[in-house]
Amino acid sequence: MKYDRWVFVLLFLCLTPAVFAGHFQNGDTVCFLGDSITHGGEYGYNIYNFYLTRYPDQKIDFYNCGVGGDTASAVLRRLDEDLYPNKPNQITIMFGMNDVGISLYTAHPTEKERAAQQSRIDAYKKNFDFLFKKLQKECPATITIITPSIYDDTGINDKKPCFFNANSALAACSDFLKTYAKQNNVTLVEFNAPMHTYNIEQQKLDPKFTIVGPDRVHPRAPGHLMMTWLFLKAQGVSPIVSSVVIDARNKKVCQCENATCSALTVDGKTVSFSLLEKSLPFPVPGGCSTFIQTLPIVEDLNQEILKIENLPSGNYTLTIDATAVGQYSSTELSKGINLSMNTSTPQYKQSRHVYYLSVKRRAAELTLRELAGVRWYLHSFSVNMDDLAAVKTLYETKMPKGYFKTLIPHYLERWGKRAEYVADFQKWDRETRKAAKPVAHQYKLAPAL
């Protein structure tokens, strides 16, 4: 598939981290620290699903440590309760959206507003530096810095007024982080610049296009998939689910990468073999089928290649476990076919099952994230967060209206049951891991009828 010239700009941006740290390893515990884009978003869960299906024999624990509304300074009040107990040895950090004061970016800012804009950026730099050094001192973990995702101030949007040039503040934060990462010898993953470039180019075709959502802030599935791709590319993960090359004329397996191929037989024009892959295809989230045509996400993350050389000319039917999954010409097969997105294969179906189980795991964790978010908010008040009667009184008498106030009734109901929600999360975590184990499949390639 061919992509526009600007894809190469994106590739350059995402392939040049300040320090290349490589991908997560067996035994790692990874925490994604951030604001609402991490809290409720999908990129961390996509990364979990990638590792789960690509490295099913490895035990890597992933925890969402995002809280809606959080900043590089306010996060300090929840580290002891919300981050450190997970004992991470890998931490990713993405802040900025709430730090820069998006609402300051009016169409015609006053001098006072311009000064406030710069003051917020300067404060972000100081706060991030303090947070980074505190984490280095208190938590022996490898830190990956992520530049903030974009605020869409360029698209036409009838649903949400625009704060003009607000993304310039996030870009300024990103520039600071790039320099900071180099100075501190840590990996940086760039979200802001590639997402902004992609947005601009797509809006030339459709002014109403946005890689984020209608609120101009929170990415939806395609935006989070792009973030996932940028993150995994920066880590240098292998694109290979499996790669099998068979020479039909000489009846031999020439290559079998990340899989075991056995029981090869060639009977005239029919080729049969057994294949046990070490991975499953990465389950691309729903709602992204069109989006993945615009970036090399499948090429970079999802290569399940079957190549049959020296077949007699003609068309062939491929069956896996006695189920037809497609027809291909001998020419196509000699070049290699990618089965990762073939919805008829048992591997694809197994991968989707893993994805659906991971959705349940995510739902359980988001309940815990809501509780963590409320406790982060309650730090603003002089109240014992564990004294539910005191929290209820605060809610009924002094708490101002707002998003977190709407969550207090849930908190009062659920905090005492937190152990049950933890157990639920752990159950679905075990189920997804169990479901991700590959099994052997029987392949048969025969002339199409």
Note the full-extension length gain between H353 and V253 as 0.36 nm times their separation in residues minus their Cα-Cα distance, in nm to one decimal. 33.0 nm
So for the chain, what are the equivalent ellipsoid semi-axes in whole Å, largest first, each being the square root of 5 times an eigenvalue of the Cα gyration tensor? 44, 26, 19
Provide the FRET efficiency to the nearest 0.05 for the K133-S344 pair, computing r from the beta carbons and using R0 = 60 Å. 0.70
Taking every Cα atom in region 207-308, find the radius of gyration and the maximum pairwise distance Dmax, and write them in Å. 18.6, 60
In order over region 77-82: 3J(HN,Hα) from phi, Karplus 6.51/-1.76/1.60, θ = phi - 60°, whole Hz, x for each Gly or Pro, gives 7, 10, 4, 4, 9, 10
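Does region 111-168 classify as rounded, prolate or oblate by the C-alpha gyration tensor (a ≥ b ≥ c root eigenvalues; a/c under 1.5 gives rounded; else a/b over b/c gives prolate, otherwise oblate)? Mind showing how you got there, number by number?
Numbers: a/c = 4.49, a/b = 1.80, b/c = 2.50.
Since a/c reaches 1.5 but b/c is at least a/b, the shape of region 111-168 is classed as oblate.
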Identify which of V244, V67, V284 has the largest mean-square fluctuation in a Gaussian network model of the chain, with springs joining Cα atoms closer than 10 Å. V244
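Please give the contour-minus-distance gain from E113 to K278: 0.36 nm per residue of separation, less the Cα-Cα distance, rounded to one decimal in nm. All intermediate terms of the calculation are to be shown ahead of the outcome.
On the way: separation 165, 0.36 × 165 = 59.40 nm, distance 5.60 nm.
So the chain would gain 53.8 nm between E113 and K278.
Hey, with R₀ at 51 Å, roughly what FRET efficiency would D175 and A448 work out to, going by the Cβ-Cβ distance, to 0.05? Please report the intermediate quantities before stating the final value.
Values: r = 56 Å, r/R0 = 1.10.
Computed FRET efficiency for D175 and A448: 0.35.
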Rounded to the nearest whole number, the per residue volume of the convex hull around the C-alpha atoms of region 85-148 in Å³ is 83 Å³
How far is it, in nm, from the label point at Y84 to the one at K401 when both lie 7 Å from their Cα along the line to the Cβ? 3.9 nm
Chymotrypsin sites (Phe, Trp or Tyr not before Pro) within region 145-219, DSSP loop, no more than 15 other Cβ atoms inside 10 Å: F164
Scaled to the compact-protein estimate 2.2 N^0.38 Å, what is the alpha-carbon radius of gyration of region 340-449, rounded to two decimal places? 1.70
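Quote the relative contact order of region 165-292 in percent (integer), defining contacts as alpha-carbon pairs under 8 Å separated by 6+ residues. Write out the running numbers ahead of the final one.
Working: 122 pairs, mean separation 19.9, N = 128.
About 16 percent, as a whole number.
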Distance between modelled label sites at S103 and D300, nm, 7 Å Cα→Cβ extension: 3.6 nm
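Within the chain, which is the longest segment that contains none of the trypsin sites (Lys or Arg not before Pro) sitting in a DSSP loop with at most 16 other Cβ atoms within 10 Å? Kindly include the intermediate steps, with their values, before the conclusion.
Details: sites that count: K2, R5, K59, K159, K208, R249, K251, K269, K278, K398, K401.
Here the longest run is 279-397.
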What 222 nm value per residue comes from the helices of the chain, counting each DSSP H run with n ≥ 4 as -39,500 (n - 2.57) and dividing by all residues, nearest 500 deg cm²/dmol? -13500 deg cm²/dmol
Hey, what does the equivalent ellipsoid look like for region 266-321, semi-axes from the Cα gyration tensor as sqrt of 5 times each eigenvalue, largest first, whole Å? 29, 15, 11
At 0.36 nm per residue, and after removing the present C-alpha to C-alpha distance, how many nm does the segment from K427 to I200 gain when stretched out fully? 77.5 nm
For q values of 0.10, 0.21 Å⁻¹, compute log₁₀ I(q)/I(0) with the Debye formula on a Cα-only model of region 22-133, without solvent. -0.38, -1.11
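Rule-based calculations on the coordinates, nothing more; no lab input. Just so it is clear, the model here is predicted, and its values are computed rather than measured. All Cβ positions, glycine included, derive from the backbone under ideal geometry; neighbour counts span all protein chains shown.
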